[in-house]
1. Apply the Karplus parameterisation 6.51 cos²θ - 1.76 cosθ + 1.60, with θ equal to phi minus 60°, to every residue of segment A:131-138 and state each ³J(HN,Hα) to the nearest whole Hz, in sequence, with x for glycine and proline.
2. Please identify, among A:181, A:59, A:116, the residue showing maximal mean-square fluctuation in a Gaussian network model of chain A using a 10 angstrom Cα cutoff.
3. Name the most mobile residue of A:121, A:66, A:58, meaning the one with the largest mean-square fluctuation, in a Gaussian network model of chain A with Cα contacts below 10 Å.
4. So what is Rg over Rh here for segment A:139-203, counting just Cα atoms and using Kirkwood for Rh?
5. Could you sort out which of B:67/B:116; B:92/B:155; A:52/B:186 sit more than 20 Å apart by Cα distance in this structure?
6. Could you point to the residue in A:122, A:146, A:179 farthest towards the positive end of segment A:53-187's charge dipole, with +1 and -1 charges on the Cβ of Lys/Arg and Asp/Glu respectively?
7. From zero outward in steps of 10 Å, how is the percent of C-alpha pairs of segment A:9-198 spread across the bins?
8. Chain A: longest stretch without exposed trypsin sites (Lys or Arg not before Pro) (DSSP loop, at most 16 other Cβ within 10 Å), sites themselves excluded?
Amino acid sequence: MAEGRGLTPLQLDALREVGNIGSGNAAVALSTMVDKKVLLSVPRATLVPLVKVSDLVGGAETPVVGIYLHISGEASGSMLLLLEEHSANQLAHLMVSGSEQGELSMVEQSALQETGSILAGSYLNALSQMTGLLLRPSVPGFAMDMAGAIIDFILVEISQSEDYVLVIETEFDILEHVIKGHLILFPDLGSLDLILGRLGVSG
Amino acid sequence: MTRIRDQRESRNASGVEGENATIGSEKQAPEETVNIGVAEYCVTDNSHVLASYGLGSCVGVVLYDEKRRIGGMAHVMLPDSTAITKKGNPGKFADTAIKAMVEEMEKLGSRRADIKAKIAGGACMFTIPGAVNPRNVPGPCLGMQIGERNVEAAKAALREHRIRLVAEDTGGNYGRTMRFEISSGKVTISSIKHGRKEL
């Protein structure tokens, strides 16, 4: 299906493992933060056509909260925490007790931003340890808008030469609170080869 | 979403789901909405509604020939194809998408002087003061001010093809959905932050 860039089943497995360990670490951090059990889905590592990326979170017009971090260092890419509106509200209320329902306040926004930063940080830590690559996350950016609009600029760097993007995605659940989120890693293409090499599965 | 195409409609999709599989030769029901996804474009003289959902830094370009009711929409994500070696589909870049749409509209019988353009999108979704964006250029907008550059590139391509830009809703920090009704020429922009308006 991927023109020009096929990934072998072994490579996809290795990338799923990256997702697994990365998001496992992130889940522990999240669980400690909110003092609740956090469930993780089996991570997906897929090559997604550009047109389809926003379908991952229910369509381009779905209102979501996105926390974005750019990764630089020895490998580059993007890390995105996406929460549907309801989940974002719930999570914000868990973090900032006593806050009211409805629109997210500045404090709540910054709490979510910080959550994204901590989750991405622990995810990247794991990836860094597995690959021996130095990875530096940027300051987190925060946006509340249509999913398509939040995702599209992340694809810019990747899509200059490809019509597909590699997405390593994990869903997490905080059970009692019906909070669902997506933690997505978009490695840049040059970095993908590097990561695959370090994992011992270069093509 | 059904993929539609008849003999007078040309569409450049990224060829994901059976590009050749669902081509009907019959006219579809009028006012059917065609989703123009990221990096796609469509030119048609059917009375469809063309829509680009969730434009962030991407730019939606509508071209319309009111006389002949021929229209097109592109959902471009990058400004310029000239520096790129592996170009992929033309709908991805402002310059190639506009060129392709103009040519296809002319094939359907449009004259360049009758084609008018409207554009929307090109926002900057994440602003982080002092952050370093992917090209390592310090700046407030992550993503190389790509939205702004997309808008500029679309305008430059329109000028090059001598097409008049009659309306725009660009910039800002919010996502937009652009809908274009070919039968009436009406273009509407909707966003979560500012509701719906006609362009």
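Any read-out appearing in this document is the output of simple, stated calculations on the displayed coordinates, not a laboratory observation. What you see is a predicted model, and the numbers here were worked out from it, not measured in a lab. So basically every Cβ, Gly included, is an ideal-geometry build from the backbone, and we count neighbours across all protein chains shown.
1. Result, ordered by residue: 9, x, 9, 7, 10, 10, x, 7 Hz.
2. Between A:181, A:59, A:116, it is A:59 that shows the largest mean-square fluctuation.
3. Among A:121, A:66, A:58, the largest mean-square fluctuation in the Gaussian network model of chain A belongs to A:58.
4. Radius of gyration over Kirkwood radius for segment A:139-203 works out to 1.05.
5. A:52/B:186
6. Looking along the dipole axis, the top candidate is A:122.
7. 10, 40, 37, 12, 1
8. Maximal segment without exposed cleavage sites: A:38-203.
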